[in-house]
Amino acid sequence: MTGSMPSCAVVMVNYRTPDESIACIRSLVAERENVPDLTVTLVDNASGDGSPDILALALSDLIADGFVTLLPLALNGGFGWANNQAILRLLATDARPDFVMVLNPDCIIEPGAIRALIDDMRDHPHGGACGSLLLNPDGGKAGSAFRDHSIATEFVRGTRSHRIGRMLGLRPIFVDTDEPADVAWVAGAACLFRTAALEQAGLFDDGFFLYFEEVELLHRLRQHGWSVRYVPTSRVMHIGGVSTGVRSGDGPSAKALPRYWFESRRRYLARTSGAGTLFTANIAWLVGDLIARVTSFLPPSRRRSFSGRGDRAQLLASGLTPRPQDAVDAIARVGDAPGAPPRWQSFKA
């Protein structure tokens, strides 16, 4: 690290959310007072809606002064792949940043949010990554920090009822604390990575199209001896699901999670826990799902809304055991040339 305050490059991936991207970047401008060597690389993931022109015009002043670099891509290669395209370019320069922050466009950071993350990393030299406290638009806490996925957490996910987990004495996957802490993983919507950790462990695995890629990367960092930190003094408002339309929560009007969500979940569990754990976790999910279906027939006073048929079909279609492509190493490494197509595309062939 050079100077009194480390350098930080924010990487943001836009996919048909130009208004949100513009608002997010405007919220970052004041953060230059806290982190003078702060830049933003704004990646357009082949939106096909005129986003690059919209962004270039709306952010022309910040592009002109070097704060924002616009990187339009010709291919929608997924979240991890798009971030890799920017990170590989950033780390190929002599002025590589000390930290890289992945930030979703549907975020608005509170003043000092990035500085709080950097300060925590400076205080914890073995910290490989850290994440912010995410807030819903109404000010309530969103899921920000988590324990490891396990067979028990997949069972609870299948039931769609945290109350059942509490009744069984199972710890929730969410970590709820007001103090900075080591955790298993943090949400990728606002996550700061130490460059040295990425150099050792690698970047995102582009065998994932969308979802679980940051969880796998954070797991890999921990496997290399780095810790993952949760820093609730760094506060970020997050809308969630703007680009994907994927639901948050369940209910009679909720749509099924997309197939790629379950395929990413399968790849993550297969690569981090093995075939046996993946299969057992899937069975646990299906048992929980069965319990949810049974409770939906209880008397109205005890009934819970349930809409899991689509999820069940997608889970079964994605496979209870690993697929051959789950064994393929698709981790980008510092020094790789950007531009190679994502590996998940070859899995679809």
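The values are calculated or read from the model by the stated rules, or taken from the named source; none is laboratory data. Please read all numbers here as calculations on a predicted model, not as lab measurements. Quick reminder, even Gly has a Cβ in these numbers, built from the backbone with ideal geometry, and neighbours come from all protein chains shown. The accessibility values were calculated without ligands, DNA or RNA, using every heavy atom of the protein model including side chains. Shrake-Rupley method; radii C 1.70, N 1.55, O 1.52, S 1.80 Å.
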For this session: Any chance you could count how many residues in the range 227-243 are open to solvent by 40 Å² or more (accessible area, probe 1.4 Å) and at positive phi?
Result: 0
For this session: Would you check if there is a residue in the range 296-314 being at pLDDT 95 or above, aliphatic (A, V, I, L, M) and over 21 Å from residue 201 (Cβ atoms)?
Result: no
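Given the residues 21, 27, 47, 60, which is the only one that is within 25 Å of residue 207 (Cβ to Cβ) and modelled with pLDDT of 95 or more?
Numbers: 21 fails: within 25 Å of residue 207 (Cβ to Cβ); 27 fails: within 25 Å of residue 207 (Cβ to Cβ); 60 fails: within 25 Å of residue 207 (Cβ to Cβ).
So the residue among 21, 27, 47, 60 that is within 25 Å of residue 207 (Cβ to Cβ) and modelled with pLDDT of 95 or more is 47.
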Exercise. Is it the case that the range 137-155 has a residue that's in contact (Cβ under 8 Å) with a residue 60 or more places away in the chain, in a loop (DSSP other than H, G, I, E, B) and loosely packed, with under 14 Cβ neighbours inside 10 Å?
Worked result: yes
Exercise. Among the candidates 163, 122, which residue alone is outside any strand (DSSP E or B), over 19 Å from the mean Cα position of the chain (by Cα) and under 14 Å from residue 229 (Cα atoms)?
Worked result: 122
Exercise. Just checking, how many residues over the range 175-226 are in contact with a His (Cβ under 7 Å, 6 or more places away or on another chain), open to solvent by 10 Å² or more (accessible area, probe 1.4 Å) and in a helix (DSSP H, G or I)?
Worked result: 1
Exercise. Of the residues 69, 41, which is assigned to a strand (DSSP E or B) and open to solvent by 60 Å² or more (accessible area, probe 1.4 Å)?
Worked result: 69
For this session: Being open to solvent by 10 Å² or more (accessible area, probe 1.4 Å) and of a type in the set (Asp, Glu) is the filter; apply it to the range 21-38 and report the residue that is nearest to the chain's Cα centre (by Cα).
Result: 37
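Of all residues being of a type in the set (Gly, Ala, Ser) and within 26 Å of residue 204 (Cβ to Cβ) in the range 253-275, which is nearest to the chain's Cα centre (by Cα)? Just the residue, please. Let's see the steps before the verdict.
As a first pass, look at the range 253-275 and keep what is of a type in the set (Gly, Ala, Ser): 253-254, 256, 264, 270, 273-275.
With the extra rule that they be within 26 Å of residue 204 (Cβ to Cβ), the set shrinks to 256, 264, 270, 273-275.
Numbers: 256: 20, 264: 12, 270: 18, 273: 19, 274: 22, 275: 23 Å.
It comes out as 264.
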Problem set entry | Answer residue from the range 72-87, given it is touching a helix residue (DSSP H, G or I) at 6+ places or on another chain (Cβ under 9 Å) and of a type outside the set (A, V, I, L, M, F, W, C) and is surrounded by the fewest Cβ atoms within 10 Å (Cβ to Cβ) among those | 72
Problem set entry | Among the residues listed as 155, 146, the single one being under 30 Å from residue 296 (Cα atoms) and within 17 Å of the chain's Cα centre (by Cα) | 146
Seminar exercise, completed: Over the range 88-107, the set of residues among the aliphatic types (A, V, I, L, M) and surrounded by fewer than 24 Cβ atoms within 10 Å (Cβ to Cβ) is 88, 90, 91, 92, 95
